[in-house]
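Reading through the structure tokens given below for one structure.
The values are calculated or read from the model by the stated rules, or taken from the named source; none is laboratory data. All values reported here derive from a predicted model rather than from experimental measurement. Counting neighbours? That spans all protein chains shown, and the Cβs are built from the backbone with ideal geometry, glycine included. Protein only, heavy atoms only, side chains kept; ligands, DNA and RNA dropped before computing areas. Shrake-Rupley method; radii C 1.70, N 1.55, O 1.52, S 1.80 Å.
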Amino acid sequence: MTPMELALAEAQAAAARGEVPVGAVIADGSGAIIARAGNRMRELGDATAHAELLAIRAACAAMGSERLTGLDIHVTLEPCTMCAGAISHARLARLYFGAEDPKAGAVVNGVRFFTGPTCHHAPEVYGGFCEAESAALLKSFFATRR
């Protein structure tokens, strides 16, 4: 499985737990998986337990460093401002994401965090990976709750 396919599997597992279905995987350039996570905000009672932050924390622990230089993050949904900030601070090299998030996204929508003058490190950004699958998972999840 590709890192984005694994991120989708994490998103599906999050949905099964009643969490907003977002998954994240951190991998090196060869595709070796360093860390993976899905949203756990409800489970942990923690507003910061987004998939990206959980994956970054796990990768930092695995690497023994707060810097994840040279690594990539694959996320099923465009990161929010909080997660974009964490991606920047972790010095991740590349961000691959699935669906855009017009409401809360902060990469190609909203504040466009990485292009701001206060952003000290901006990863290379690539959108649209498994976009249809990511969007369908989110739409299906929210359709059952409305």
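Checking residue 7 against (1) surrounded by 23 or more Cβ atoms within 10 Å (Cβ to Cβ); (2) closer than 21 Å to residue 120 by Cβ; (3) small (Gly, Ala, Ser), which test does it fail?
Failing condition for residue 7: (2).
So residue 65 ticks every box in (1) under 18 Å from residue 12 (Cα atoms); (2) open to solvent by less than 70 Å² (accessible area, probe 1.4 Å) but one. Which box is left unticked?
Among (1) under 18 Å from residue 12 (Cα atoms); (2) open to solvent by less than 70 Å² (accessible area, probe 1.4 Å), the lone unmet condition for residue 65 is (1).
Mind telling me which of the residues 131, 66 ends up being acidic (Asp, Glu) and within 28 Å of residue 145 (Cα to Cα)?
Going through 131, 66 in turn, just one is acidic (Asp, Glu) and within 28 Å of residue 145 (Cα to Cα): 131.
Among the residues of segment 122-146, what is the count of those that are modelled with pLDDT under 95, closer than 23 Å to residue 84 by Cβ and β-branched (Val, Ile, Thr)?
0
Can you report the number of residues in segment 71-117 which are open to solvent by less than 50 Å² (accessible area, probe 1.4 Å), assigned to a loop (DSSP other than H, G, I, E, B) and among the acidic types (Asp, Glu)?
Residues in segment 71-117 being open to solvent by less than 50 Å² (accessible area, probe 1.4 Å), assigned to a loop (DSSP other than H, G, I, E, B) and among the acidic types (Asp, Glu): 2 in total.
Filter segment 75-125 for residues that are more than 21 Å from residue 135 (Cβ to Cβ) and aromatic (Phe, Trp, Tyr) and give the result.
Answer for segment 75-125, where residues must be more than 21 Å from residue 135 (Cβ to Cβ) and aromatic (Phe, Trp, Tyr): 113, 114.
Scanning segment 35-60 for residues that are free of Cβ contacts under 8 Å to residues at least 12 places away in the same chain and more than 13 Å from the chain's Cα centre (by Cα), which turns out most open to solvent (accessible area, probe 1.4 Å)?
44
Restricting attention to segment 118-127, which residues are open to solvent by 50 Å² or more (accessible area, probe 1.4 Å), in a loop (DSSP other than H, G, I, E, B) and touching a residue at least 24 places away in the same chain (Cβ under 8 Å)?
Correct list: 120, 122.
Scan segment 128-146 and report the pairs whose first residue is within 14 Å of residue 76 (Cα to Cα) and whose second residue is charged (D, E, K, R), with Cβ atoms within less than 8 Å and a gap of 6+ or a chain change.
From segment 128-146, the pairs are 130/5; 131/100.
Take segment 38-70 and flag every residue that is closer than 20 Å to residue 96 by Cα and outside any loop (DSSP other than H, G, I, E, B).
Result: 38, 51, 52, 53, 54, 55, 56, 57, 58, 59, 60.
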